[in-house]
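A.B. asks: Quick one: this structure, given as structure tokens, is what I'll be asking you about.
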Amino acid sequence: GEIKSGPTDLPAANADWGGTRVDLTGISCYSSKDLLNWKYHGNILPAVVDDINHDLYIGNVAERPKVVFNAKSGKFVMWLHVDSLDYSKARCGVATSDNPEGPFEYLGSFRPNKQMARDLTVFVDDDERAYLFTSSEDNAAMHISQLSDDYISTTGNYSRIFVGKFMEAPTVFKKSGKYYFIGSRCTAWKPNAARSAIASSI
């Protein structure tokens, strides 16, 4: 999860939509055997303090981390939304590790399908094929991008869904052969009712 310790402020660039933030510290990891008692494994992808041009520089944004295991490479792969202070960068960052508790090596960032990408999630299907869901096109559409066999890039095969719906915070799961999607409208930190959808194909 995102480390959110430290003072919260509202940058002038985000004042019109309420984009409060704290300085980027890194990504934390916790584990549990019973989902009640948790062990803290520390900062597994730390921020960068000495390179203002780095995606993970303390003045930038790193959020929505998702980690999946790739059986072919034996690597744990982290996808996260990396952005500039004003959220104009809108890219996906990728990092890998031999262990779920890190440390993770940051590989870089890009825009899947040459489209901006903000909130995201990763889904691995029963056949080990993985898919990246991103709030794209300035959040106006959700993109579903097939991932490469090693899960660290996209293949160029993608679908556009919920076009014109302005959704974020995607969550995806599968039950009894059906794919379930849950997301929210784009209201920053203000609450809104969840939206859901069901499909027979990813």
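A.B. asks: What does the charge add up to near LYS178, with Lys and Arg as +1, Asp and Glu as -1, over the other residues with Cβ less than 15 Å from its Cβ?
C.D. replies: Charge balance in the 15 Å sphere: 0.
A.B. asks: Quick check: net charge around ASN192, other residues with Cβ under 15 Å of its Cβ, Lys/Arg +1 and Asp/Glu -1?
C.D. replies: Numbers: positive: LYS165, ARG185, LYS190, ARG195; negative: ASP119, GLU168.
The answer is +2.
A.B. asks: What's the FRET efficiency of SER200 with PHE110 using the Cβ-Cβ distance as r and R₀ = 35 Å, to the nearest 0.05? Mind dumping the intermediate values first?
C.D. replies: Numbers: r = 30 Å, r/R0 = 0.87.
Result of the calculation: an efficiency of 0.70.
A.B. asks: Net charge near ASP150, counting Lys/Arg +1 and Asp/Glu -1 over other residues with Cβ under 11 Å of its Cβ?
C.D. replies: My count for the surroundings of ASP150 gives +1.
A.B. asks: Could you pull out the pairs from LYS4/LYS66; LYS114/LYS178; LYS66/LYS89 whose alpha carbons sit more than 22 Å apart here? Before the final figure, lay out each step's value.
C.D. replies: Details: LYS4/LYS66 16 Å; LYS114/LYS178 29 Å; LYS66/LYS89 19 Å.
Going by Cα-Cα distance, LYS114/LYS178 fall outside the 22 Å limit.
A.B. asks: List the relative contact order of the range 1-157 as a percent without decimals, with contacts defined as Cα pairs under 8 Å and 6+ residues apart. Provide the component values of the computation, followed by the final result.
C.D. replies: On the way: 354 pairs, mean separation 22.8, N = 157.
Relative CO of the range 1-157 lands at 14 percent.
A.B. asks: Also, I was wondering about something else. Please list PHE76, PHE166 from largest to smallest accessible area, probe radius 1.4 Å, with all protein chains kept in place. Please list the in-between numbers first.
C.D. replies: Numbers: PHE76 45, PHE166 100 Å².
Of PHE76, PHE166, the descending order of accessible area is PHE166, PHE76.
A.B. asks: Can you give me the relative contact order of the range 1-85 as a percent, contacts being Cα pairs under 8 Å and 6 or more apart? Mind dumping the intermediate values first?
C.D. replies: On the way: 149 pairs, mean separation 20.1, N = 85.
Relative contact order comes out at 24 percent.
A.B. asks: While we're on this one: Rounded to the nearest 5, what % of DSSP beta bridges with both residues in the chain are antiparallel? Walk me through the intermediate numbers first.
C.D. replies: On the way: 56 of 57 bridges.
Just about 100 percent of them are antiparallel.
A.B. asks: How high is the FRET efficiency between ALA12 and VAL68 when r is their beta carbon distance and R₀ equals 35 Å, given to the nearest 0.05?
C.D. replies: Values: r = 37 Å, r/R0 = 1.05.
Plugging the Cβ-Cβ distance into 1/(1 + (r/R0)^6) gives 0.40.
The values are calculated or read from the model by the stated rules, or taken from the named source; none is laboratory data. On a predicted model such as this, the values are computed, not experimentally measured, just so you know. Every residue, glycine among them, receives a Cβ derived from its backbone with ideal geometry; neighbour counts consider all protein chains shown. For accessibility, only protein heavy atoms count, side chains too; no ligands or nucleic acids. Shrake-Rupley method; radii C 1.70, N 1.55, O 1.52, S 1.80 Å.
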